[in-house]
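> Got a structure for you, questions after.
The values are calculated or read from the model by the stated rules, or taken from the named source; none is laboratory data. Predicted, not measured: the structure shown is a model, and the values here were computed from it. Cβ coordinates were reconstructed from backbone atoms using ideal geometry, including for glycine residues, and neighbour counts include every protein chain displayed. With ligands, DNA and RNA removed, areas are computed over all heavy atoms of the protein, side chains included. Shrake-Rupley method; radii C 1.70, N 1.55, O 1.52, S 1.80 Å.
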Amino acid sequence: MKGCKTVEIAEILKALERNTGTFPRKAVEAAMEKREEITPELLRALEDTVTRAKDIVEKDADGAYFAHLYAMYLLAQFRETRAYPLVVQFARIEEDLLEALAGDFITEDLCRVLAS
C-alpha cells in the first residue's frame, strides 16, 4: 500500500512542477489531502530550487518551472514552520535569478507566505 502513496505523491508533484497555463486544481487539492505525506517533498522541492537556482533558470528556457512556487503556497497554507528558513533563503537568491524564478510573486505574495 505504501508504494501506491509514493506513486500518487509523485504524480501530484509532477502535476505541480510546470506551469501549463491552467491551474492544477486536482493536484493542489490532492496535495492538501495528503499534507503529511507531501510536506517533506515540498520542502525538498523548495530547497532544491534554492540550491540549484542558476541551473534551473538556465535549463528552463520557457520559464514554466513552478514547483517551488506551488511548494511555497502549499507550505504556507499548511503553516509549515520548517519552510520559513527556506523561503528566506529563496528570497535572498541573486536578483536576476529571483526575477526569473518568481516574477511578481516577490512583490505580490512573498510577504503573505512569510507571514504564514
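> Determine, for the chain, the count of lysine pairs separated by eight or more sequence positions (or lying on different chains) whose alpha-carbon distance falls under 29 Å.
12
> Please give the per residue accessible area of the stretch 44-111, computed with a probe of 1.4 Å over protein heavy atoms only, in Å². Write out the running numbers ahead of the final one.
On the way: 3920 Å² over 68 residues.
Normalised by residue count, the accessible surface of the stretch 44-111 is 58 Å².
> Follow-up. Placing +1 at every Lys and Arg Cβ and -1 at every Asp and Glu Cβ, with all other atoms neutral, what dipole size does the chain have around its Cα centre, in debye to the nearest 20? Please list the in-between numbers first.
On the way: 16 positive and 22 negative charges, 107 e Å.
Using Cβ point charges on Lys, Arg, Asp and Glu, the chain gives about 520 debye.
> Quick check: convex hull of the Cα atoms in the chain, volume per residue, rounded to a whole Å³? Spell out each step's value before the answer.
Values: hull volume 11.9 nm³, N = 116.
Dividing the Cα hull volume of the chain by its residue count gives 103 Å³.
> Additional query: Across the stretch 40-53, in residue order, what do the Karplus-derived ³J(HN,Hα) couplings come to in whole Hz, using 6.51 cos²θ - 1.76 cosθ + 1.60 with θ = phi - 60° and x for Gly and Pro?
Here the 3J(HN,Hα) series is x, 6, 5, 4, 5, 4, 5, 4, 4, 5, 4, 5, 10, 3 Hz.
> Would you mind calculating the gained length between D104 and E37 on full extension (0.36 nm times residue separation, minus the Cα-Cα distance), in nm to one decimal? Walk me through the numbers on the way to the answer.
On the way: separation 67, 0.36 × 67 = 24.12 nm, distance 2.93 nm.
Full extension from D104 to E37 adds 21.2 nm.
> Another question, if that's okay. Would you mind computing, in nm to one decimal, how far apart the modelled labels at T22 and Q89 are, each placed 7 Å from Cα along Cα→Cβ?
Distance between the two pseudo-spin positions: 3.5 nm.
> Search the structure for amide H atoms under 5 Å from the amide H of R18, placed 1.01 Å from N in the peptide plane, and list their residues when 5 or more places away or on another chain.
Sorted by chain and number, the residues that satisfy this are F66.
> If each Cα of the stretch 36-94 is one equal point scatterer, what is log10 of I(q)/I(0) from the Debye formula at q = 0.12, 0.14, 0.19, 0.31 Å⁻¹?
Debye output, listed in q order: -0.26, -0.36, -0.64, -1.36.
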